[in-house]
Amino acid sequence: MGENGGEVEVIHLWSSPRSASTSLMYSFAQRDDTEVLDEPLYANFLRVTGAERPYREDLLSKLESDGNKVVKEIIFGPGQKKYRFCKHMASHRLPGLTDELMKKGKHCILIRNPLDVLTSYNKVIPPSLTDLGYCSMVSIYSDLCGGGKPPPVIDSDLLQEDPEATLRGLCDDLGIPFQAAMLRWESGPKPFDGMWAPYWYKNTHKSTGFEPPRKYPSPFPSSLYNLLEQSSAFYNLLKRYVRQTTTRSFNPKLPVPDNEKLLSWVGDEIVPRESAKVSVFDSVVQGGDAVWEGLRIYNGKIFKLEEHLDRLFDSAKALAFSNVPTREYVKEAIFKTLIRNGMFNNAHIRLTLTRGKKVTSGMSPAFNLYGCTLIVLAEWKPPVYDNERGINLVTATTRRNSPNNLDSKIHHNNLLNNILAKIEGNNSDADDAIMLDKDGYVSETNATNIFLVKKGRVATPSADYCLPGITRATVMELVVKENLVLVERHISLSEFHTADEVFTTGTMGELSPVIKIDGRIVGNGRVGPVTQRLQKAYANLTAESGVPIPTYQQT
């Protein structure tokens, strides 16, 4: 193929202007099996759109401006080599072009941060959203995916930071061998440069390879802010599909793969996972200034919804939140989020209410003039602990907050105290860490309430320093219903070390048996009979009660 004027295999590169597209074209031109074309559809673009360029008339007089002729006779015309690399601006793909353009050959997309593209482009010509081509690249990506051939996406910054790894990855995706010659070229103009090269390629002509990105950027013109907002949405969408390299990863593995395509409620709308963000001016970012609840869904019902909402609103009131949404509004947001996700069982919600966005950064709630921000984050999430074989705990040196400092009755988002304890647990390869109060009595773990069983009697620490959890209260009621003796008092650590049984409680993990604390085996090292009895009672309760999710029909 491609030898002596035969058929060639075409590689289409679609990009925005002012990316590394010209450098990438120079790179492919170094291959011994590839010829290159520089923006062959440019004249068609100028003819159809009427766009003004300094070289417009000269270009139209010398180059073929019938796009379909270009596609048939130039892009897919006979060649001398095996491959033909066509550098395209995404904006040059216009309606009316033959479908053959997208159906034949291999395609790839090169993206660059619009902050850099706009700053650079504006130095030559005032940009427009059409010129930038981000929406066109999204359309190209979508159409190719619809045809069953999702194109590789590469980022200019990664190409410049690690050219060899990025080029190897691109060649692998295109199904062609990598050639080391692609990494270097001679400086100066090239015979295959387009007529527009004197206007756009000055810096590239000085290069002999992929230049690393500038350490410090140029100031961004505020007049282009609206264009930045519009193009950033498309850029961020494409950025999700950038091929991972050895130096950077955009797509870490999720604990539950089904959570990759979630819909979350943020503010007043439901958005896809990657768009579920709050403002950098939001109080939860500025100071952890928010309250939250964990909700679990069983068989089309939300367990203890009203109790959790009671605590959410109590916490918001204790923190003097203003413009708090109504209870009905919060419930509707929860229902809509679950329904949109089709989550009716084995799911968990992290419900957050922040003090809201500020008009300027700072601590004072006087800056919060927008009202609260509501977040409903629903995930597929089974209980997070091993509730059949049990878990291992260690005691943290980090003490639980005193009510003198920050009252744990407020279910707030300032969780550094708990996180420090969790770090100690992680460092000891434990599931969680027990936290003591200032006097050395057990308070709770970093994430759950805790109970012990001794000679058939069930005891749990007084809620002086810990959150009196809703699951804790539910289990305390079950203890009484099961005709067991319940005691709430100060409990020392040694009592947990010598207990017959220990278990923790929480919405996220339900009832979790503890089989080891600080290296000491609890009881006989197995899930005890009282714990099993309460687990069964709790499972029965969650199966029977809860607030139904509208539209759910049990099959």
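The values are calculated or read from the model by the stated rules, or taken from the named source; none is laboratory data. Since we're looking at a predicted model, the values are computed, not measured. We place every Cβ from the backbone using ideal geometry, glycine too, and count neighbours over all the protein chains shown. For accessibility, only protein heavy atoms count, side chains too; no ligands or nucleic acids. Shrake-Rupley method; radii C 1.70, N 1.55, O 1.52, S 1.80 Å.
For Lys317, which of the numbered conditions (1) assigned to a helix (DSSP H, G or I); (2) surrounded by 14 or more Cβ atoms within 10 Å (Cβ to Cβ) fails to hold?
Among (1) assigned to a helix (DSSP H, G or I); (2) surrounded by 14 or more Cβ atoms within 10 Å (Cβ to Cβ), the lone unmet condition for Lys317 is (2).
Which residues, counting only those in the range 402-414, are in contact with a strand residue (DSSP E or B) (Cβ under 9 Å, 6 or more places away or on another chain), touching a residue at least 60 places away in the same chain (Cβ under 8 Å) and either open to solvent by 50 Å² or more (accessible area, probe 1.4 Å) or assigned to a loop (DSSP other than H, G, I, E, B) (or both)?
Ile410, His411, Asn413, Asn414
So the check is Cβ under 6 Å with 6+ separation or different chains; which pairs have a first residue in the range 104-131 that's over 21 Å from Arg240 (Cβ atoms) and a second one that's at pLDDT below 90 and charged (D, E, K, R)?
Ser120/Arg18; Tyr121/Arg18
Inspect all residues belonging to the range 350-368 and state whether any of them is touching a residue at least 12 places away in the same chain (Cβ under 8 Å), in contact with a His (Cβ under 8 Å, 6 or more places away or on another chain), assigned to a loop (DSSP other than H, G, I, E, B) and not basic (Lys, Arg).
no
Please go through the range 132-172 and pick out each residue that is farther than 18 Å from Asn236 by Cβ and without any contact (Cβ under 8 Å) to a residue 24 or more places away in the chain.
Those that are farther than 18 Å from Asn236 by Cβ and without any contact (Cβ under 8 Å) to a residue 24 or more places away in the chain: Gly146, Gly148, Glu164, Arg168, Cys171, Asp172.
Do you know which of the residues in the range 453-471 that are under 21 Å from Gly523 (Cβ atoms) and without any contact (Cβ under 8 Å) to a residue 60 or more places away in the chain is farthest from the chain's Cα centre (by Cα)?
For the range 453-471, the residue satisfying everything is Lys455.
Given the criteria assigned to a strand (DSSP E or B), under 30 Å from Glu161 (Cβ atoms), open to solvent by 10 Å² or more (accessible area, probe 1.4 Å) and in contact with a helix residue (DSSP H, G or I) (Cβ under 9 Å, 6 or more places away or on another chain), does Leu37 qualify?
yes
All but one of (1) open to solvent by less than 30 Å² (accessible area, probe 1.4 Å); (2) closer than 16 Å to Tyr241 by Cβ; (3) out of contact with any Gly (no Cβ under 9 Å at 6 or more places or on another chain) hold for Pro152; state the number of the condition that does not hold.
If we test Pro152 against (1) open to solvent by less than 30 Å² (accessible area, probe 1.4 Å); (2) closer than 16 Å to Tyr241 by Cβ; (3) out of contact with any Gly (no Cβ under 9 Å at 6 or more places or on another chain), just (3) comes out false.
Give just the number: which of (1) open to solvent by 30 Å² or more (accessible area, probe 1.4 Å); (2) in contact with a Phe, Trp or Tyr (Cβ under 7 Å, 6 or more places away or on another chain); (3) aliphatic (A, V, I, L, M) does Ile111 not satisfy?
With respect to (1) open to solvent by 30 Å² or more (accessible area, probe 1.4 Å); (2) in contact with a Phe, Trp or Tyr (Cβ under 7 Å, 6 or more places away or on another chain); (3) aliphatic (A, V, I, L, M), Ile111 is out only on (1).
Just need a number here: residues in the range 374-401 that are part of a loop (DSSP other than H, G, I, E, B), under 19 Å from Asn426 (Cβ atoms) and either open to solvent by 60 Å² or more (accessible area, probe 1.4 Å) or in contact with a Lys or Arg (Cβ under 7 Å, 6 or more places away or on another chain) (or both).
3
Step by step: first the residues of the range 422-452, then only those that are of a type in the set (S, T, N, Q) and surrounded by fewer than 22 Cβ atoms within 10 Å (Cβ to Cβ), then the one that is nearest to Arg526 (Cα to Cα). Which residue is that?
Ranking the qualifying residues of the range 422-452, first place goes to Ser428.
Would the range 327-348 turn up any residue that is open to solvent by 30 Å² or more (accessible area, probe 1.4 Å), outside the structural domain of Ile423 (by the TED database) and part of a strand (DSSP E or B)?
no
For the range 172-213, what are the residues that are in a helix (DSSP H, G or I), open to solvent by 40 Å² or more (accessible area, probe 1.4 Å) and within 25 Å of Tyr42 (Cβ to Cβ)?
Within the range 172-213, Pro198, Tyr199, Lys202, Asn203 meet the criteria.
Would you call Thr360 under 20 Å from Glu424 (Cβ atoms), surrounded by fewer than 19 Cβ atoms within 10 Å (Cβ to Cβ) and not aromatic (Phe, Trp, Tyr)?
no
Working only within the range 520-549, note down all residues that are open to solvent by 60 Å² or more (accessible area, probe 1.4 Å) and either in contact with a Pro (Cβ under 9 Å, 6 or more places away or on another chain) or not charged (D, E, K, R) (or both).
Ile521, Asn524, Arg526, Pro529, Gln532, Asn540, Pro548
Between a first residue in the range 438-452 that is assigned by the TED database to the domain that holds Asn426 and part of a strand (DSSP E or B) and a second residue that is surrounded by fewer than 24 Cβ atoms within 10 Å (Cβ to Cβ) and modelled with pLDDT under 95, which pairs have beta carbons less than 6 Å apart while being 6 or more apart in sequence or on different chains?
Matching pairs, first to second residue: Ser443/Tyr465; Ser443/Cys466; Glu444/Cys466.
Among the residues in the range 3-26, are any of a type outside the set (Lys, Arg) and farther than 28 Å from Glu186 by Cβ?
yes
Might you check whether a residue that is under 22 Å from Ala537 (Cβ atoms), part of a strand (DSSP E or B) and of a type in the set (D, E, K, R) occurs anywhere in the range 463-474?
no
Could you list, in sequence order, all residues of the range 255-279 that are over 16 Å from the mean Cα position of the chain (by Cα) and either open to solvent by 60 Å² or more (accessible area, probe 1.4 Å) or in the same structural domain as Leu406 (by the TED database) (or both)?
Listed by number, the residues that qualify are Asp268, Glu269.
Give me the helices (runs of 4 or more DSSP H) completely within the range 54-158, filtered to those with at least 2 residues that are among the acidic types (Asp, Glu), ordered by residue number.
Ranges flagged: 56-62.
Going by the structure shown, is Ala459 open to solvent by 20 Å² or more (accessible area, probe 1.4 Å) and either more than 29 Å from Ile297 (Cβ to Cβ) or not in a helix (DSSP H, G or I) (or both)?
Here the answer is no, as Ala459 does not meet what is asked.
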